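Visitor: This structure is in C-alpha cells; I'll ask about it shortly.
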C-alpha cells in the first residue's frame with residue numbers, strides 16, 4: 001500500500017491519539033484509523049480540518065513527491 005499521508009506520524013510527534021483526532025473532527029475512530037494507516041485518504045476539506053486542529057501547515061500531512 002502506498003503511503004500518501006503522514007497523519008499518524010504527526011499525531012505521534014504531537015503526542016496526540018487517533019481517538020482525540022476523531023473526537024475533534026466528529027468522525028469515527030475507525031475512519032481515522034483507516035486514514036492513519038493509509039487504507040483510505042481524507043478528502044481535501046477533511047485534510048484542511050486536520051491541519052487546523054493540529055495547528056500545522058496542510059503540506060506537513062502529505063508525503064513529499066520529491067524525496
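Just so you know, all these numbers are worked out from the coordinates, no wet-lab data involved. Remember, it's a predicted structure, so these values are computed and weren't measured experimentally. Backbone-built Cβ (ideal geometry, glycine too); neighbour counts: all protein chains shown.
Visitor: Any residue that is under 17 Å from residue 1 (Cβ atoms), part of a loop (DSSP other than H, G, I, E, B) and in contact with a helix residue (DSSP H, G or I) (Cβ under 7 Å, 6 or more places away or on another chain) - is there at least one of those in region 49-64?
Guide: No, region 49-64 contains no residue that is under 17 Å from residue 1 (Cβ atoms), part of a loop (DSSP other than H, G, I, E, B) and in contact with a helix residue (DSSP H, G or I) (Cβ under 7 Å, 6 or more places away or on another chain).
Visitor: Do we find a residue being in a loop (DSSP other than H, G, I, E, B), more than 13 Å from residue 4 (Cα to Cα) and either touching a residue at least 12 places away in the same chain (Cβ under 8 Å) or out of contact with any strand residue (DSSP E or B) (no Cβ under 9 Å at 6 or more places or on another chain) (or both) anywhere in region 27-48?
Guide: Looking for residues that are in a loop (DSSP other than H, G, I, E, B), more than 13 Å from residue 4 (Cα to Cα) and either touching a residue at least 12 places away in the same chain (Cβ under 8 Å) or out of contact with any strand residue (DSSP E or B) (no Cβ under 9 Å at 6 or more places or on another chain) (or both), one finds at least one in region 27-48, hence yes.
Conditions tested, residue by residue: (1) loosely packed, with under 13 Cβ neighbours inside 10 Å; (2) under 11 Å from the mean Cα position of the chain (by Cα); (3) at positive phi.
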{"position": "2", "(1), (2), (3)": "yes, no, no"}
{"position": "19", "(1), (2), (3)": "yes, no, no"}
{"position": "27", "(1), (2), (3)": "no, no, no"}
{"position": "36", "(1), (2), (3)": "no, yes, no"}
{"position": "66", "(1), (2), (3)": "yes, no, no"}
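Visitor: Of the conditions (1) in contact (Cβ under 8 Å) with a residue 24 or more places away in the chain; (2) touching a helix residue (DSSP H, G or I) at 6+ places or on another chain (Cβ under 6 Å), residue 19 fails just one. Which one is it?
Guide: So the condition that residue 19 fails would be (1).
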